[in-house]
1. Suppose the chain between Arg138 and Lys125 were pulled fully straight at 0.36 nm per residue; how much longer would it get relative to their current alpha carbon spacing?
2. Per residue, how many Å² of accessible area does segment 52-182 show with a 1.4 Å probe?
3. Taking a ≥ b ≥ c as the square roots of the eigenvalues of the Cα gyration tensor of segment 41-182, is the shape rounded (a/c under 1.5), prolate (a/b larger than b/c) or oblate?
4. Between Lys76 and His89, what length comes free when the chain is fully extended (0.36 nm per residue of separation minus the Cα-Cα distance, one decimal in nm)?
5. Under the 0.36 nm per residue contour assumption, what length would be gained going from the current alpha-carbon distance of Thr151 and Thr39 to full extension?
6. Quote the relative contact order of segment 93-182 in percent (integer), defining contacts as alpha-carbon pairs under 8 Å separated by 6+ residues.
7. For Gly49, enumerate residues with amide H under 5 Å from its amide H, sequence gap 5+ or separate chain, H modeled in the peptide plane.
8. Could you tell me which of rounded, prolate or oblate describes segment 123-182, using a ≥ b ≥ c as the square roots of the eigenvalues of the alpha-carbon gyration tensor, with rounded for a/c under 1.5 and, failing that, prolate when a/b is larger than b/c and oblate otherwise?
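The values are calculated or read from the model by the stated rules, or taken from the named source; none is laboratory data. Keep in mind it's a predicted model, so treat the numbers as computed, not measured. Because the Cβ atoms are built from the backbone with ideal geometry, glycine has one as well, and the counts that use them run over all protein chains shown. The area values use the complete protein model at the heavy-atom level, side chains included, leaving out ligands, DNA and RNA. Shrake-Rupley method; radii C 1.70, N 1.55, O 1.52, S 1.80 Å.
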Amino acid sequence: MQRRLVIVAAAAAVGLVSGCEGDGGGSSAAAPSAARRITATSTAFTDGGTIPRRYTCDGGNVSPPLSFSGVPSGTKGLAVLVEDPDAPHGTFTHWVVWNAPPSPTSWPAGQAPRGAAQGRNGFKKNGYGGPCPPKGQRHHYVFSAYAADRTLDLPSGASADAVKRALNGHTAAGHLTGLYGR
């Protein structure tokens, strides 16, 4: 009887763990192909630098200021995806933005540009959800910026995968990586 209980408990644990895969709004689609490069920067942190607490779940949980250069003429919209590839159950999505006007090319902290659409993040909310790794861990947060040559026809709340598929073959891209640990 005890042996049977142990086997049932082990099977239930395996089911729970495997059922958590993808719970983070993770992205499984490949990054869109891009023939041209743009540059993404932030005045809050350098590429490879530490993301200040203000922009995390331990602070104000607001998006950092972002700037883009090298945006090609003819760009119809900008898109930004923020993803944590170090998350325990696969890539975790923190922010999905698309159809942002190509100008201005600087976004202030705490807001997506007027007219931009926002998708569902791994916290199951539309909008930005700051870095929030498990205690004792330091994760990478990749801010991927895309300049699209067409307007993306996606519903509000679309996933990072849907945005990546819509961007494929229609973009210039750049990346900014920040680190945060608790």
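1. Numbers: separation 13, 0.36 × 13 = 4.68 nm, distance 2.34 nm.
Stretched fully, the Arg138-Lys125 segment lengthens by 2.3 nm.
2. Working: 5580 Å² over 131 residues.
Result: 43 Å² of accessible area for each residue.
3. Details: a/c = 1.80, a/b = 1.46, b/c = 1.23.
In terms of gyration-tensor shape, prolate.
4. Working: separation 13, 0.36 × 13 = 4.68 nm, distance 3.42 nm.
Answer, rounded to one decimal: 1.3 nm.
5. Numbers: separation 112, 0.36 × 112 = 40.32 nm, distance 2.05 nm.
Here the answer is 38.3 nm.
6. Working: 148 pairs, mean separation 30.0, N = 90.
Across segment 93-182, relative contact order equals 33 percent.
7. Counting only residues 5 or more places away or on other chains, the set is Leu179.
8. Details: a/c = 3.51, a/b = 1.73, b/c = 2.03.
Taking the square roots of the gyration eigenvalues as a ≥ b ≥ c, segment 123-182 is oblate.
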